[in-house]
Amino acid sequence: MSLFLIRHAETVLNAARVLQPADTPLSPTGLRQADLLAGRLARLGLAAIVSSDLPRALRTAEAVATASGLAILTSALLHERNFGELRGRRYDTLGFDPLAMAAAPVGGESARAFARRVAKAFDMLRAMSATLAGPLAVVTHGLVIRAILEAHVAWPAGLQPPPRIGNSSLTIVTALPPHAVTLLDCSRHLDAGMRGTAGGLSGG
């Protein structure tokens, strides 16, 4: 049993390095990325799909669902970290790294609260996977995937999660302990021209 951790496809605000409001949609590039991802996953025998219900993740999940013939279950536990009043602002103009801040931004979520939520999400995913005969596709956000990889996955000595998770990339984690990574941040379903902006914001 495996968890297929999928970061949503690209948005205009990702490429512009802006912390994203909840209602951010996919860009035209992101829509094409989602379709290419869906084509890849349709051949891998998915058993179920669970997604963040934020539009950028849900639209990515809808492409996967259409290609796979599966329904989508949504969960707010899979939302990106809430950056409150910082959403809509350019990352590079803030003078600090909001993705690494411990405190809660005004109207937002602290790092500790976010970690607790992701832990609940991971428990939910493991429980769902235990009822399935095939992989569970999990469509979520960059910081959620990084938090899972940092806190809930066993890494060999000397290895650690990557600092950036690419748009529409696929990471596969075994659903049973010790939750090993068998594929990491893979975007081979995209050609070079579809891999988005190299400097785009990964998270937020």
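The values are calculated or read from the model by the stated rules, or taken from the named source; none is laboratory data. In this text, all values refer to a predicted model and were calculated from it rather than measured experimentally. Positions of Cβ are backbone-derived with ideal geometry, glycine not excepted, and every protein chain shown enters the neighbour counts.
When the residues of region 134-156 are filtered to those that are over 18 Å from Phe114 (Cα atoms) and surrounded by 13 or more Cβ atoms within 10 Å (Cβ to Cβ), the one that is modelled with the lowest pLDDT is Trp155. Filtering region 138-172 to residues that are in contact with a helix residue (DSSP H, G or I) (Cβ under 7 Å, 6 or more places away or on another chain) and among the β-branched types (Val, Ile, Thr) leaves Val138, Val139, Thr140, Val144, Ile148, Ile165, Thr171. Sub-8 Å Cβ pairs linking a first residue in region 157-180 that is touching a residue at least 40 places away in the same chain (Cβ under 8 Å) and crowded, with 21+ Cβ neighbours inside 10 Å to a second residue that is among the aromatic types (Phe, Trp, Tyr) and part of a loop (DSSP other than H, G, I, E, B), at least 6 apart or interchain, number zero. Cβ-Cβ distances below 7 Å connect the following pairs, each with a first residue in region 77-91 that is on the phi < 0 side of the Ramachandran plot, a second residue that is loosely packed, with under 15 Cβ neighbours inside 10 Å and not aliphatic (A, V, I, L, M), and a separation of six or more residues or different chains: Leu77/Lys120; Glu85/Gly107; Arg87/Pro21.
The set of residues in region 16-35 that are surrounded by 18 or more Cβ atoms within 10 Å (Cβ to Cβ) and either of a type in the set (Val, Ile, Thr) or in contact (Cβ under 8 Å) with a residue 60 or more places away in the chain (or both) comprises Val18, Leu19, Gln20, Thr24, Thr29, Gly30, Arg32, Gln33, Ala34. Counting only residues that are modelled with pLDDT under 70, farther than 17 Å from Gly39 by Cα and either surrounded by 10 or more Cβ atoms within 10 Å (Cβ to Cβ) or in contact with a Lys or Arg (Cβ under 7 Å, 6 or more places away or on another chain) (or both), region 187-203 holds 3 of them.
Matching residues to (1) under 15 Å from the mean Cα position of the chain (by Cα); (2) small (Gly, Ala, Ser):
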position: Leu125; (1), (2): yes, no
position: Leu132; (1), (2): no, no
position: Ala137; (1), (2): yes, yes
position: Thr140; (1), (2): yes, no
position: Leu143; (1), (2): yes, no
position: Ile148; (1), (2): yes, no
position: Ala154; (1), (2): no, yes
position: Gly158; (1), (2): no, yes
position: Pro161; (1), (2): yes, no
